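So the structure is just underneath, and the comments pick up after that.
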Amino acid sequence: MMRKKNTTSLSTAADAQAETEPTTKRRGRPRSDEATAAVLAAAYRLTAGLGLRGATIDAIAAESGVSKMTIYKWWSGRTLLLIDAFLEHATQLLPLPENIDPVRAITLHATRYVTALKGEFGDVQRAVIAECMTENGGRPCFSSVTCVAAASSAATSSNAASAPV
């Protein structure tokens, strides 16, 4: 059964990557919504059930029935795929109500989000964040003053520790 794509949902990591790349006409068959949904569901399921070690591209391809070549054509790496899988699941699990007062909608959404973080959803979110930080060293993930100060402090401590005594 095909579900209607929520046009108000967050854009995917693959969409964000595509926006920064030069626009060229895609060759080959158009992307299949069913195959995309199968890959995203498999990636989320494997991350939830087996953690990052179990959510390999090989395992995701086998679980979804979509070839590794197709997966790599649509996502440049596992991190972007896991982000998209998490965001797709979040969109389904935690829809923003549109027919009630905005303050009530945000309060209800935040309450549901906090509750969801206590279970499998929270485990997957932590795994995806860990994957992002591992791949990127935390650089693009955080830009707060606290993070900059901590990095400076760590660099100073590291230099002090390596100085001759």
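Values in this text are rule-based calculations from the coordinates and carry no lab data. For clarity, every value in this text was computed on a predicted model and none was experimentally measured. No Cβ is skipped: glycine too gets one built from the backbone with ideal geometry, and neighbour counts run over all protein chains shown.
Between residue 120 and residue 53, the C-beta separation translates, for a Förster distance of 22 Å, into a calculated FRET efficiency of about 0.85.
Seen from residue 117, the other residues with C-beta closer than 15 Å to its C-beta sum to a net charge of +1, counting Lys and Arg as +1 and Asp and Glu as -1.
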